[in-house]
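FYI, it's all coordinate maths here, none of it is from the lab. Predicted model, so just to flag it, every value in this text is computed and none were measured. Backbone-built Cβ (ideal geometry, glycine too); neighbour counts: all protein chains shown.
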Amino acid sequence: MTQSDLREKVEPLLLEVADALTTLDLDTSLRRVAELVRKVIDYEIFAILLLNEKTQEMRVRFHIGYPDNVAERLRIKVGEGVTGLSAQRREAVLVADVTKDPQYIAALPHVRSELAVPLLVKNRLIGVIDIEAQQADYFHEEHKRLLTLIASRMAVGIENARLHTRTSRQARTLMLLNEIARELTSILNLDELLKRIAELLSRLIDYQMFSILLLDAAGEKLQHRFSLRFQENIQLKHDVPLGRGIVGYAVQHKQAVLVPDVTKDSRYIRLNPETRSELAAPLIYKDKVIGVLDLEHTRRGFFTDDHKRTVTTLAAQVAIAIENAQLYEEIARQEKRLERDLALARELQFRLLPQSLPTCANLDVAAKFAPARAIGGDLYDFVNYSMSRLAIVVGDVSGKGAPAAIYAALVSGILRSHAPIEPGPAEMLSAVNFSLGERRIDGQFVSLIYAVWDDIHRTLQVASSGLPRPLYCHDGKIEVIQATGLPCGLFDDAEYDEFSFKARPGEMFVFFSDGILDARNRAGDMFGRHRVEEIVAGCAEVSADCVVQSLFKAVAEHAAGVETFDDQTVVAIRAKGEAGTGT
C-alpha cells in the first residue's frame, strides 16, 4: 500500500476505530481495533501494554503474535526498551532496525523493526501500543502518524472501558459482600461456616490456596482450622507462632498484609513451594484478633489493592460469623451437660456484653443486666461510630434460657455486621428485622431500642421495636418517649419511627426491658412504670449509675421471695454538667 493510499484510508479508519471503542467491553474493543489497524499496517506482532501507576511497570493486556507464556511474564518498566522509552517520552518511537538499537528488549526472536506509540488521556499515560515486524525498515513515518492518531482515540476508549469495568466490579463486589454477610450470620456450625466462607470468597477472588487460622486459647500461636489447596480440602498441623510469618505479622499488627512476591519477603514461611504471592487479613471481633484469613497464588503480583480492600471488609464479617458459630457450639455443648455447666454458659454470655462502659466527654453511662435463669435473652451493647458518636443497644429476646441466649447472640452478630456503615436507629432496626426475617424461627423475635448519641452536639436519636417506652428526664419532670414499633423478626414490612432530642447538661434518658416493669411481689402486683418513674426522678440530679443501681435494688426488694420470671436490663445515660448551667 502506497503512502497516498494510506492517507486516503485514515479518516474512515478513525471512524471505525471510534465505533469499535463504543462498547465498554475492553477485550472486544482491543481485538476489533487490532483488526482495523491491520487493514492499513500489515504488522506481524501487535501488543497493547497497560501501565501500573504504582509500580511504573507495563504489562501486556492484549496481544497478537506473542506466545501466551511470554506475554504473561513480560513486564516493562517505564524508560526501558522501545515501549518503555515511548512511555517515558510520551511520544511515538520508530526503530528501523532493533538490532542496532541498545534500548531494544528481545522478548521475541527474529524481530527487526518496531513502532511504539503512547496511550495518553489528558496527558496521563495509561499504556503503549506496540507493533513489530521481522523485516528491517518495515515501518515508516506515515505508519507512525497513523498509529498516533489511532492511539489518541484508543486511549479514551480504553480508559472509559476500564472505568466501567472497575465501577461494575466494585458494585458487584459490594453486592456479593452484602449477600455473603447475610448468609454467614445464619450459619452456626463452625466447620460448615469455614467451608462456606471458602466457597463464597472464590466468587470474589480467584485464589488457589485458602486458609483460616485461629488464635489458640493462650493467644500465643495460630492453628490451621481450615485449608484448601487448589480446591482440595487438606489438613495442616503446622502451627504458626504469633508474630512469625506473613499471617503472624498480620495478626500481631492488626492489619492486612499484601505480598506481591513472597520470595523477596523475609517474613514468609516456606510451607508451599509453589506460592509466589500472598494476602493475609486479621479476623478482628470487638477489637480482639481471633485469627487470620490467608490467600495464596502461584503467580507473582496476583493479588491487588482491590483484593486487599475486599478481603479486609469481608474479614470483619467472617470474624463475627466465626465468633457466633463458636459461641453457638459452645452453648450447645454446655446445654448437654445441663446444670453442671450452666455456670460456664452464663459466663460466656456476660463476656459478650461490653466489658467496660464507653467513655464520652459529655455523657455519663451506666448499665446492668441480670438474667432470670443462668442464661437469658436480654442484651445491651455500645458501638463506637465516627465523629464522636456512640450507638446504644438494649434488647429483649422472646423466651428464656439457652434458646433465647443463642438468639440474642445471633441478633448481636447482625447488629455488629451492620454497624460499620453507621446506620441511623430506624435504619438499623429495619436491617435487623430484614435479616431475622430471612432466617425466621417460629416463636422467636426480639424487641430492641437503638439510639445514637452525638457527643459533640449532645443530640440523641432513638427508635424502638417493642421495648418499653424509654424515659426522658428534663426540667424537673419525667417524659415518656412515645417510641413504639413491632418486634424484629415477626413481620417483613415493619416500619420504625425515629425521635430526636437535644440534651442539656443534667438531662437523662433511661432504657429498660419489661423484666423491670413486670417484676411481681408475693401478692402478684407488678413493679410498674410509676415506680420506675419515681426512682428515676429521685436520681435525676445525681448520676446515671444512681438510676441503674436504685432500680435494681427497688425491684429486688419488691419481688423478694418470688422467683424472677424475666431477664432485667437497664441502661441510663446522663448529659454531663449541672442542670441549667449550660456547661
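What's the center-to-center distance, using Cα atoms, between segment 511-566 and segment 198-235 in Å? Here the two parts' Cα centres lie 49 Å apart. Assign one of three labels to segment 185-323, namely rounded, prolate or oblate, based on the Cα gyration tensor with a ≥ b ≥ c the square roots of its eigenvalues; rounded applies when a/c is under 1.5, prolate when it is not and a/b is larger than b/c, and oblate otherwise. Rounded, because the longest to shortest axis ratio a/c is under 1.5. Ranking 456, 134, 431 by Cα position along the charge dipole of the chain, where only Lys, Arg, Asp and Glu carry charges on their C-beta atoms, puts 134 farthest toward the positive end. Computed from Cα atoms, the angle from the helix 190-201 axis to the main principal axis of the chain rounds to 40 degrees. Using only side-chain charges placed at the Cβ, +1 for Lys and Arg and -1 for Asp and Glu, the dipole size of segment 341-575 relative to its Cα centre rounds to 420 debye. Each principal axis of the chain carries a Cα extent, and these read 110, 54, 43 Å when sorted largest first. Dividing the mean sequence gap of close Cα pairs (under 8 Å, 6+ apart) by how many residues the chain holds gives a relative contact order of 8 percent. Among the cysteines of the chain, those whose beta-carbon sits 4.7 Å or more from every other cysteine beta-carbon are 360, 473, 488. Distance between the modelled labels on residue 230 and residue 385, one decimal in nanometres: 5.1 nm (7 Å Cα→Cβ projection). Taking a temperature of 4 °C and a viscosity of 1.567 mPa s, what whole-number D in µm²/s does Stokes-Einstein yield for segment 341-575 with Rh from Kirkwood over alpha carbon pairs? Here the translational diffusion coefficient equals 73 µm²/s.
When +1 charges are put on Lys and Arg Cβ atoms and -1 charges on Asp and Glu Cβ atoms, the dipole computed for segment 175-273 relative to its Cα centre reaches about 260 debye.
Each Cα pair under 8 Å and six or more residues apart adds its separation to the average, and for segment 243-335 the resulting relative contact order is 26 percent.
For the pair residue 206 and residue 520, the difference between a 0.36 nm per residue extended length and the Cα-Cα distance amounts to 107.0 nm.
With only Lys, Arg, Asp and Glu charged, each at its Cβ (+1 for the first two, -1 for the last two), find how big the charge dipole of the chain is about the Cα centre; round to the nearest 20 debye. My answer is approximately 1140 debye.
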